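> Have a look at this one.
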Amino acid sequence: MPANSVDKAARHSSCFYRRMMLALLVCALCLLTGASGEALPSPGFDLLLLVRSYPPGFCSHQHCHTPASSSFTIHGLWPEYKTGGWPQFCGAHTTHQAAGPPTPAQNCLWPSLIGPSPGFWEHEWAKHGTCAAPLLGNRTAFVATVLELHEKYNLDVALGNAGVLPSSSGDYAAEDLQEAVRAAYGAAPLLSCTAGTLVEVWMCLDLELRVMDCPPAVRPGPKCGADVRLPRGAEVPPRCRPFSPPWGAALPGARKGGDGARDGGGGGGDGDDGGEQGDRPSWRVAAVLLLVLALAYVAMYGVQRLMAERVEAEEPLLLVGRGWQQGGRADP
């Protein structure tokens with residue numbers, strides 16, 4: 001092959017590898033900067049509220065159709081804006097999405113205290129779950145996530161470990177309840193009371209399902225005063241005890257090794273993997289793979305250039321040894 005053709009091919013190959021390497025590096029950097037969540041499509045809200053009811057407190061001012069057990073139950077998981085508002089009843093076509101039969105855990109941990117549970121679950125999905133669907137998926141995935149978050153951020157366990165236990169007499173400082181939850185999970189919740197009795201606990205979660213401090217505009221109602229009553233209720237029914245660890249048991253993060261909601265939805269300091277959602281792509285993994293490919297191309301390009309330089313250095317000697325000169329055939 002003529003020398004100018006070889007040079008042209010080498011330049012073309014060099015240019016191709018440089019462009020490919022640059023493209024891969026740019027893609028990897030874009031994915032890495034988007035891995036924080038800011039570059040991902042917005043689900044249409046800023047955070048989630050994991051709301052739990054304390055049945056003895058709730059039922060002290062409401063007519064409940066079941067005995068009020070001394071164990072927190074789920075009220076719901078609500079999308080929220082950091083400005084204090086919230087979306088509701090999103091996507092009419094998914095409102096009446098069929099639900100599978102409830103599991104024993106759902107029956108025990110997410111009961112309606114004042115009416116039939118199926119109607120309560122339908123309301124929570126229609127009003128709040130449909131708005132969380134861009135982040136959490138369909139109704140089945142929504143219910144599974146709520147149950148797993150309730151277990152991961154168990155309030156009975158967190159309060160019990162701090163010595164805050166249901167009592168028929170005496171009050172607790174509201175700050176003690178909040179600090180007990182902060183010590184367990186990394187952020188203080190909001191408390192809601194009626195006549196000084198704890199009714200609900202609100203925990204704010206970011207879009208990777210990690211506990212966070214609630215924005216100032218997010219407020220429960222009605223708020224608690226400086227002191228809070230935590231009345232003792234009925235015993236947890238035997239059928240529900242497998243799903244309700246006793247007050248002060250081992251923290252869920254320690255028992256499960258920091259497993260997040262939906263196989264890795266992060267949590268407040270449990271040492272999990274940062275909270276990639278079950279069926280969402282792992283942007284960090286993709287970015288790392290692209291960086292590895294880019295480095296591989298760099299290595300290939302370096303080897304190619306080294307070989308080309310060696311060939312260029314040896315080519316005159318080889319040609320002269322065969323009776324050829326650089327400019328053409330030698331005279332006999």
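Coordinate-derived values only; no laboratory data. Model, not experiment: these values are computed from the prediction. A quick note on method: Cβ atoms are made from the backbone with ideal geometry, for glycine too, and the neighbour counts reach across all protein chains shown.
> Let a ≥ b ≥ c be the square roots of the eigenvalues of the Cα gyration tensor of the range 108-257; is it rounded (a/c under 1.5), or, if not, prolate (a/b larger than b/c) or oblate?
Note, shape of the range 108-257 comes out rounded.
> Among Leu177, Leu165, Leu109, which comes first, second and so on when ranked by fewest other beta-carbon atoms within 10 Å?
Leu165, Leu109, Leu177
> For the charge dipole of the range 47-240, defined by +1 on Lys and Arg C-beta atoms and -1 on Asp and Glu C-beta atoms about the Cα centroid, which residue among Trp110, Ala184, Ala173 has the Cα displaced farthest towards the positive pole?
Ranked along the dipole, the leading option is Trp110.
> Could you pull out every residue, at least 5 positions away or on a different chain, whose amide H is within less than 5 Å of the one on Cys224? Hs are placed 1.01 Å off N in the peptide plane, and Pro or chain starts have none.
Leu191, Cys193
> If you take the square roots of the eigenvalues of the alpha-carbon gyration tensor of the range 183-248 and sort them as a ≥ b ≥ c, do you get rounded (a/c under 1.5), prolate (a/b over b/c) or oblate?
oblate
> Where does each of Lys82, Lys127 land when they are ranked from fewest to most other beta-carbon atoms within 10 angstrom? Write out the running numbers ahead of the final one.
Details: Lys82 14, Lys127 17.
Lowest count first: Lys82, Lys127.
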